[in-house]
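The values are calculated or read from the model by the stated rules, or taken from the named source; none is laboratory data. Because the structure is predicted, anything quoted here is derived from the model rather than measured. Virtual Cβ from ideal backbone geometry, glycine too; neighbours counted across all protein chains shown. Please note that ligands, DNA and RNA were not included when accessible areas were found on the heavy atoms of the full protein model with its side chains. Shrake-Rupley method; radii C 1.70, N 1.55, O 1.52, S 1.80 Å.
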Amino acid sequence: PEEEVLEVEKNFVKAHNTNDYELMCSLYWKSPKTSSFVPPQDNPFLIQGSEEVENGWKFLTEIPKGTFAISLHHPQVTMIKDDVAVITSYNNVVYTDPSTKMQTIDHIRHTAVVQKIGGKWLIVHDHGSNLSEK
């Protein structure tokens, strides 16, 4: 099951790198109990409910392709129960300004709580912390 769970994190990164809003939304549990706090967000507080979480990822459809890239480092899966797991990883996020070509690099620690619901591993809560000094 660890490999199945790890696919969630790999698809999370893939959705960012391909600006795939639909893939990103498919990774989350469709429930008012779903919650997220992943940068970048306009709202610095916890987002509650799958609709709000999906709205938080709309920026994927708005940024020019090829300007935003995430690399996945040191992913670890901890099985809590047969149908619940925690994924932790580090991500390097590189944003290239389309007009100036200047790059901004952030280092993010991402934690996702996933649950197997209806035969599919889904994110029920996730959190990203920016480890970069500003």
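Quick check, is Glu52 touching a residue at least 60 places away in the same chain (Cβ under 8 Å) and surrounded by fewer than 16 Cβ atoms within 10 Å (Cβ to Cβ)? For Glu52, the condition - touching a residue at least 60 places away in the same chain (Cβ under 8 Å) and surrounded by fewer than 16 Cβ atoms within 10 Å (Cβ to Cβ) - is not met. Restricted to strands (runs of 3 or more DSSP E) entirely inside region 66-134, those with at least 2 residues that are within 17 Å of Ala15 (Cβ to Cβ), of a type in the set (A, V, I, L, M) and at pLDDT 95 or above are 103-117, 120-130. Against the conditions (1) within 13 Å of the chain's Cα centre (by Cα); (2) under 29 Å from Asp97 (Cβ atoms); (3) surrounded by 12 or more Cβ atoms within 10 Å (Cβ to Cβ), Lys58 satisfies every one except (3).
Scanning region 104-116 for residues that are over 24 Å from Ser26 (Cβ atoms) and either of a type in the set (Phe, Trp, Tyr) or crowded, with 16+ Cβ neighbours inside 10 Å (or both) gives a single hit, Asp106. Check region 85-103 and report whether any residue there is touching a residue at least 12 places away in the same chain (Cβ under 8 Å), over 14 Å from the mean Cα position of the chain (by Cα), farther than 22 Å from Tyr21 by Cβ and open to solvent by less than 30 Å² (accessible area, probe 1.4 Å). Checked region 85-103: at least one residue is touching a residue at least 12 places away in the same chain (Cβ under 8 Å), over 14 Å from the mean Cα position of the chain (by Cα), farther than 22 Å from Tyr21 by Cβ and open to solvent by less than 30 Å² (accessible area, probe 1.4 Å). The residues of region 18-37 that are open to solvent by less than 60 Å² (accessible area, probe 1.4 Å), in a helix (DSSP H, G or I) and not aromatic (Phe, Trp, Tyr), listed by number, are Leu23, Met24, Cys25, Ser26.
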